[in-house]
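K.L.:
Encoded as structure tokens, here's the structure I'll be asking about.
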Amino acid sequence: MEKNKQDVYLKNFLQVRLVSDFNKSKIYYQTTLGFKVDEWGHAELGNNLGFMLQQADNHEDIRPNAKPGKVQWEGQNIGWDSYFYSNFEGVGQLYKEFKSKGAIFAYELKIETMGNSQWKEFAVKDLDGYVMVFGGGK
């Protein structure tokens with residue numbers, strides 16, 4: 001191994017999302033979903049989680065994920081574009097916050113029993129139909 005070689009350090013991840021109206025999307029992510037969004041479209045929530053919003057040239061270039069071929073549980077009957085993990089209480093807090101600010105819900109908050117634990121989950125959409133799922137267990 002080379003003595004001068006630096007270890008690679010990845011410090012952030014932002015998925016690129018093509019949007020139909022950059023300014024409207026920026027406002028929705030900021031005011032409704034609580035993301036910090038800068039003038040370049042970096043939309044971040046929490047510890048470096050989020051998206052880079054970019055203006056699409058054509059509406060047909062905007063492609064949220066299709067639903068999966070094999071549905072394993074109820075929430076998968078739609079396409080998911082992002083999944084955010086939190087703690088059980090945090091998911092409930094986010095749900096209330098998004099609800100109070102008029103978020104577009106793909107599906108409402110649900111609690112499921114999985115063996116000896118519980119899982120809480122809900123999903124919101126952005127203005128172009130991208131689905132973000134928020135879930136956590138206890």
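The values are calculated or read from the model by the stated rules, or taken from the named source; none is laboratory data. These numbers were taken from a predicted model, which means no experiment stands behind them. Cβ placement follows ideal geometry from the backbone for every residue including glycine, while neighbour counts extend to all protein chains displayed. Ligands, DNA and RNA are excluded from the accessible area calculation, which covers all protein heavy atoms including side chains. Shrake-Rupley method; radii C 1.70, N 1.55, O 1.52, S 1.80 Å.
K.L.:
Looking only at region 92-123, how many residues end up being of a type in the set (F, W, Y), under 15 Å from the mean Cα position of the chain (by Cα) and open to solvent by 30 Å² or more (accessible area, probe 1.4 Å)?
P.N.:
Here is the first cut: in region 92-123, the residues of a type in the set (F, W, Y) are 95, 98, 105, 107, 119, 122.
Among the residues that remain, those that are also under 15 Å from the mean Cα position of the chain (by Cα) are: 95, 98, 105, 107, 122.
Now narrow it down to the ones that are open to solvent by 30 Å² or more (accessible area, probe 1.4 Å): 95, 105, 107.
Residues flagged as of a type in the set (F, W, Y), under 15 Å from the mean Cα position of the chain (by Cα) and open to solvent by 30 Å² or more (accessible area, probe 1.4 Å) within region 92-123 amount to 3.
K.L.:
Here are L49, L14, L45, L53: which of them is of a type outside the set (F, W, Y), farther than 24 Å from G102 by Cβ and without any contact (Cβ under 8 Å) to a residue 60 or more places away in the chain?
P.N.:
Numbers: L49 fails: farther than 24 Å from G102 by Cβ; L45 fails: farther than 24 Å from G102 by Cβ; L53 fails: farther than 24 Å from G102 by Cβ.
Going through L49, L14, L45, L53 in turn, just one is of a type outside the set (F, W, Y), farther than 24 Å from G102 by Cβ and without any contact (Cβ under 8 Å) to a residue 60 or more places away in the chain: L14.
K.L.:
Could you look through region 22-48, keep only residues that are in a helix (DSSP H, G or I) and among the basic types (K, R), and pick out the one that is surrounded by the fewest Cβ atoms within 10 Å (Cβ to Cβ)? Spell out how you get there, then give the answer.
P.N.:
Residues of region 22-48 that are in a helix (DSSP H, G or I), as a first pass: 22-32.
Then drop every residue that is not among the basic types (K, R), which leaves 24, 26.
Working: K24: 13, K26: 18.
Within region 22-48, the match that is surrounded by the fewest Cβ atoms within 10 Å (Cβ to Cβ) is K24.
K.L.:
Please go through region 52-79 and pick out each residue that is in contact with a strand residue (DSSP E or B) (Cβ under 9 Å, 6 or more places away or on another chain), at pLDDT below 90 and open to solvent by less than 40 Å² (accessible area, probe 1.4 Å).
P.N.:
Passing the criteria: G75, G79.
K.L.:
Run down F105, F84 and say which single residue is under 21 Å from D21 (Cα atoms) and touching a helix residue (DSSP H, G or I) at 6+ places or on another chain (Cβ under 9 Å). Show your work before the answer.
P.N.:
On the way: F84 fails: under 21 Å from D21 (Cα atoms).
One residue alone meets the criteria, F105.
K.L.:
Still on this model: Looking at (1) open to solvent by 60 Å² or more (accessible area, probe 1.4 Å); (2) part of a helix (DSSP H, G or I); (3) closer than 20 Å to I27 by Cβ, which is the only condition E89 fails?
P.N.:
Single failed check for E89: (3).
K.L.:
Which residue out of E39, E89 is closer than 20 Å to G135 by Cβ, modelled with pLDDT under 95 and among the acidic types (D, E)?
P.N.:
Numbers: E39 fails: closer than 20 Å to G135 by Cβ.
Going through E39, E89 in turn, just one is closer than 20 Å to G135 by Cβ, modelled with pLDDT under 95 and among the acidic types (D, E): E89.
K.L.:
What are the residue pairs meeting all of these: first residue in region 109-138, first residue touching a residue at least 60 places away in the same chain (Cβ under 8 Å) and assigned to a loop (DSSP other than H, G, I, E, B), second residue open to solvent by 30 Å² or more (accessible area, probe 1.4 Å) and of a type in the set (S, T, N, Q), Cβ atoms under 9 Å, and 6 or more apart or on different chains?
P.N.:
The qualifying pairs are L127/S20; D128/S20; Y130/N65.
K.L.:
Hey, another quick one. If a residue must be aliphatic (A, V, I, L, M) and open to solvent by less than 50 Å² (accessible area, probe 1.4 Å), how many such residues does region 4-21 contain?
P.N.:
Of the residues in region 4-21, the ones aliphatic (A, V, I, L, M) are 8, 10, 14, 16, 18-19.
Pick out the ones that are also open to solvent by less than 50 Å² (accessible area, probe 1.4 Å) and you get 14, 19.
The number of residues fulfilling the criteria is 2.
K.L.:
Then there's this: Can you confirm whether N87 is among the polar types (S, T, N, Q) and closer than 24 Å to F13 by Cα?
P.N.:
Values: among the polar types (S, T, N, Q): yes; closer than 24 Å to F13 by Cα: yes.
Judged against the criteria, N87 is a match.
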